[in-house]
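The values are calculated or read from the model by the stated rules, or taken from the named source; none is laboratory data. This structure is a prediction, so every number in the text was calculated from the model and none was measured. Cβ sites come from the backbone with ideal geometry, for glycine too, and all protein chains shown count toward neighbours.
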Amino acid sequence: MTGIDVWVTIGALTVTTALIRASGPVILGGRELPSRVMDVIALVAAALLAALVVVETFGGEDQTLEVDARFVGVVVAGIVLFFRGSMLWAVGAAAVTAALVRALLGG
């Protein structure tokens, strides 16, 4: 891709994103969504976050399942959060644990 192609792509994506984001309010016309739909929308962020954590924890190369130091780190973070630890402690404990497991296993 040349420099101009990159900027054309960025411009096209910008316009497309603006159109997609504007379509909701335009289609609804100031009406409220049904409560059932709002309940589903409220759960979407948590579901996407959970999916991202699973993919990043277990995803290997070529769409393979891989259990390694990342998994141990996530388990340790879950334990810290289960015992009401702060997010900072959970992330720190996960990072240290994953580093130790990689150092011990040579991975």
All positions within the stretch 21-54 that are in a loop (DSSP other than H, G, I, E, B) and either within 9 Å of the chain's Cα centre (by Cα) or on the phi < 0 side of the Ramachandran plot (or both):
Arg31, Glu32, Leu33, Pro34
What residue, of Glu32, Glu56, is surrounded by 10 or more Cβ atoms within 10 Å (Cβ to Cβ), out of contact with any strand residue (DSSP E or B) (no Cβ under 6 Å at 6 or more places or on another chain) and not aliphatic (A, V, I, L, M)?
Glu56
Looking at the stretch 55-72, can you tell me whether even one residue there is among the β-branched types (Val, Ile, Thr), at pLDDT 90 or above and in a helix (DSSP H, G or I)?
yes
